[in-house]
1. Tell me yes or no: at least one residue of the stretch 95-106 is in a helix (DSSP H, G or I) and in contact with a Phe, Trp or Tyr (Cβ under 7 Å, 6 or more places away or on another chain).
2. Please verify whether Leu45 is in contact (Cβ under 8 Å) with a residue 60 or more places away in the chain and in a helix (DSSP H, G or I), treating the condition exactly as stated.
3. Looking at Leu91, Leu40, Leu71, can you tell me which residue is part of a helix (DSSP H, G or I) and hydrophobic (A, V, I, L, M, F, W, C)?
4. Among (1) modelled with pLDDT under 50; (2) assigned by TED's automatic domain parsing to the domain that holds Ile112, there is one condition Glu30 misses while meeting the rest; what is its number?
5. For the stretch 82-91, check the following and say yes or no: at least one residue is within 13 Å of the chain's Cα centre (by Cα), closer than 19 Å to Val122 by Cα, buried (at least 19 other Cβ atoms within 10 Å of the Cβ) and not hydroxyl-bearing (Ser, Thr, Tyr).
6. Exactly one of (1) more than 14 Å from the chain's Cα centre (by Cα); (2) surrounded by 15 or more Cβ atoms within 10 Å (Cβ to Cβ) is unmet by His73. Its number?
7. Does any residue of the stretch 119-128 turn out to be in a loop (DSSP other than H, G, I, E, B) and more than 15 Å from the chain's Cα centre (by Cα)?
Amino acid sequence: MFVSYLYFYIETITQNDKPATNYSPTQISESNDDQQKVILTIRDLVDIVRVLKDCKFQTIKWFDLGLYLGLIHNDLKVIETNYPRDTEQCLRECLAKWLTDDIEATWDKLAIAVGEVKETTVAEYIKEQYVRD
């Protein structure tokens, strides 16, 4: 019985000349959309800092930004303790922590977090320049 099934399977494939699996256009589109999402890494830190600096992001908001990015409060307190009164360095360390901890850090997530701390102009700029629809 197995031999006859195998023969039928081979004959069907050779007659159709088509792959055995069919993928719907929707599945392929979703796969392509996932590939288009740009995942940020620690190597993108300098670009992110540059964008925030160029857009006049208020570095004093680094702690709240970290919370909205999903960082743990205690980790942010450690950064604050290590770099007292240096909000620029705190922001860099906060972003570095986010980029190394979040396996799906994206410009979109950053724009949302920046918007949450009421830096709407900066958030809009990030969305316009870096977020793909």
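The values are calculated or read from the model by the stated rules, or taken from the named source; none is laboratory data. The structure displayed is predicted, hence computed values, not measured ones. Neighbour counts run over all protein chains shown; Cβ positions are idealised from the backbone, glycine included.
1. No, the conditions are met nowhere in the stretch 95-106.
2. No.
3. Criteria check complete, one pass: Leu91.
4. Every listed condition holds for Glu30 apart from (2).
5. No; the residues of the stretch 82-91 include none that is within 13 Å of the chain's Cα centre (by Cα), closer than 19 Å to Val122 by Cα, buried (at least 19 other Cβ atoms within 10 Å of the Cβ) and not hydroxyl-bearing (Ser, Thr, Tyr).
6. Failed condition: (2).
7. Yes, the conditions are met somewhere in the stretch 119-128.
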